[in-house]
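> I have a structure I would like to understand better, so I am pasting it below and will then ask my questions one at a time.
What follows is calculated from the coordinates using simple rules that are stated; it is not laboratory data. Here the structure is a predicted model, which is why all the values come from computation and not from measurement. Please note: Cβ atoms are built from the backbone with ideal geometry, for glycine as well, and neighbour counts cover all protein chains shown.
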Amino acid sequence: MSEPKPTPPPPAASLEQRKRAHLDLCARAEVEHPEKTTLLEEIDFVHNALPELALHEVSLSTEFLGKTLAAPFLISGMTGGAPETYAINRDLAIVAERRRIAFGLGSQRAMHQRRELAWTYQVRKFAPSTVILANIGITQAAETPTSALRELIEAVGADGLCVHLNPAQELIQPEGDRDFRHGYATIRRLADELDVPLIVKETGCGISATIAQRLYDLGARYIDISGAGGTSWVRIESLRSAGAAATLGAQFASWGIPTGAALLALRGTAVPCIASGGLRNGLDAAKALALGAQLCGMALPVLRAYHTGGTAGAESFLVECESALRTVLLLTGSASLAELRKQPLFIGPRLNAWLEALTAWERRNGSRANP
Ligand SMILES: Cc1cc2nc3c(=O)[nH]c(=O)nc-3n(C[C@H](O)[C@H](O)[C@H](O)COP(=O)(O)O)c2cc1C
């Protein structure tokens, strides 16, 4: 008689547990890059002592994916897939709708594996008019037919799909992906076959201008550079691990291109970009916008404000960001974000050194293939 087979735990259970551990660590632990900043502290504006503007004339509005946002902010994709994550998605979607800013859902891998979890992402009714972004990892996207991805997007009523790149995090995660081939072909397929715009995003290690340009050439509409200096997923995985994974994670906790450097390298190219990774207030956002970003994404500070003060806490954090951004526009004599982008900027030596390193590589190699 054959042995009865032990029932394996459902694969999504471990995914759910991982989601819970991530949220828990983000709420209470030190999860930011320990030794690296965004380098946005190296950017300064030139003060305009007589701006000839009234504060009420300053406009923060911006177009994004065919919709008009009241301010250039995105609550970056964070969660979904475990029952308790629904309230976070619902409440942050409510805040996004009220502030007329964009809202990103977390990775929909869990709902792709178990359709009965779809409700934890379905918050369109709370944000009927603003931009909602669907989300999936590049490895899952590579393995999934376009028709199934289209269903994931439609099921949440999204205006666009974010495909996230996170090789550093995966390598630290004992159960993470190890094969990152076929990424460019996947981006080309999705750009060609999906009906909604495609955004390619990192998750806190940055995207170089060379790779951003290549992704844009393949059809990605926006590149969210999500650089280093804010949340470090390598550090989070290392906190969740023991033994060799924890040691490897601790070594690589500050891996990545600082957000300011990734933005500076893209300035002057035609690649439309979203800034994120370590933006913590409206002044950081203003610097990112002045470097050419179309939109500013924030994840950890919104989540923390929500943990502390619920929906009202998240909203008042975003109101503070709007207020600081409006202050920068007035003090630089900019009536709009387009005018802010034309302002002269002081750029410090470390950022310039990063730019030199990134562009020297390109000059030497003349190829757009790597890094
Ligand atoms: C709790 C949490 C969960 C996240 N989950 C996802 C995710 O599912 N998909 C994704 O593309 N990015 C995810 N991110 C990454 C963010 O979208 C963002 O790129 C990164 O955290 C850097 O921004 P920050 O420094 O403002 O947190 C998550 C971030 C946080 C804090």
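> Relative to 2.2 N^0.38 Å, what does the C-alpha radius of gyration of region 19-109 come to as a ratio? Two decimals please.
Taking the Cα Rg and dividing by 2.2 N^0.38 Å, one obtains 1.47.
> What FRET efficiency would be calculated for the residue pair Ala338, Ala360, taking the C-beta separation as r and a Förster radius of 45 Å, to the nearest 0.05?
0.90
> Grab the eigenvalues of the alpha-carbon gyration tensor for the chain, scale each by 5, take roots, and send me the semi-axes largest first in whole angstrom.
33, 24, 20
> With every atom except the alpha carbons ignored, what do you get for Rg and Dmax of region 109-176, in angstroms?
Calculated on Cα positions, Rg and Dmax stand at 13.0, 40 Å.
> Taking 7 Å along the Cα-to-C-beta vector as the label spot, tell me the Glu143-Ser323 distance in nanometres, rounded to one decimal.
4.7
> Of all DSSP beta bridges in the chain, what percent run antiparallel (nearest 5)?
Values: 7 of 31 bridges.
Given both bridge residues lie in the chain, the antiparallel proportion sits at roughly 25 percent.
> Still on this structure: Starting from the Cα of Ser61, step 7 Å along the direction of its Cβ; do the same at Glu35; then give the gap between the two resulting points in nm.
Reported label-point gap for Ser61 and Glu35 is 4.8 nm.
> Run the dipole for the chain about the Cα centre, Lys and Arg Cβ at +1, Asp and Glu Cβ at -1, nothing else charged, and hand back the magnitude in debye, nearest 20.
Approximately 280 debye in magnitude.
> A further question follows. Could you tell me the relative contact order of the chain? Use alpha-carbon pairs under 8 Å, at least six residues apart, and round to a whole percent.
Reported relative contact order: 22 percent.
> If amide H atoms are built 1.01 Å from N in the plane of the peptide, which residues on other chains or at least 5 residues away come under 5 Å of the amide H of Gln173?
Sorted by chain and number, the residues that satisfy this come to none at all.
> While we're looking at this one, here's another question. What per residue convex hull volume, in Å³, comes out for region 147-293 when only alpha-carbon positions are used?
126
> Each label point is 7 Å from the Cα along the Cα-to-Cβ direction; what then is the distance between the points at Thr308 and Thr269, in nm?
A separation of 3.6 nm, rounded to one decimal place.
> Work out the FRET efficiency for Leu330 and Glu193 from their Cβ-Cβ distance, taking R0 = 51 Å, and round it to the nearest 0.05.
Numbers: r = 45 Å, r/R0 = 0.88.
According to the calculation, E is roughly 0.70.
> Around Ala220, with a cut-off of 14 angstrom between Cβ atoms, what is the net charge of the other residues, counting Lys and Arg +1 and Asp and Glu -1?
The answer is 0.
> Sorted by average packing, counted as other Cβ atoms within 10 angstrom per residue and highest first, what order do 263-273, 71-81, 43-53 take?
Those peptides, ordered most packed to least, come out 71-81, 263-273, 43-53.
> Hey, got the dipole for region 95-154? About the Cα centre, +1 on K and R Cβ, -1 on D and E Cβ, debye to the nearest 20?
On the way: 9 positive and 5 negative charges, 60 e Å.
Charge dipole, region 95-154, about its Cα centre: 280 debye, nearest 20.
> Restricting things to alpha carbons, tell me how big region 49-151 is in terms of Rg and Dmax, in Å.
Rg, Dmax (Cα atoms, Å): 16.8, 59.
> Please work out the C-alpha center-to-center distance from region 63-142 to region 249-265 and express it in whole Å.
Here the two parts' Cα centres lie 25 Å apart.
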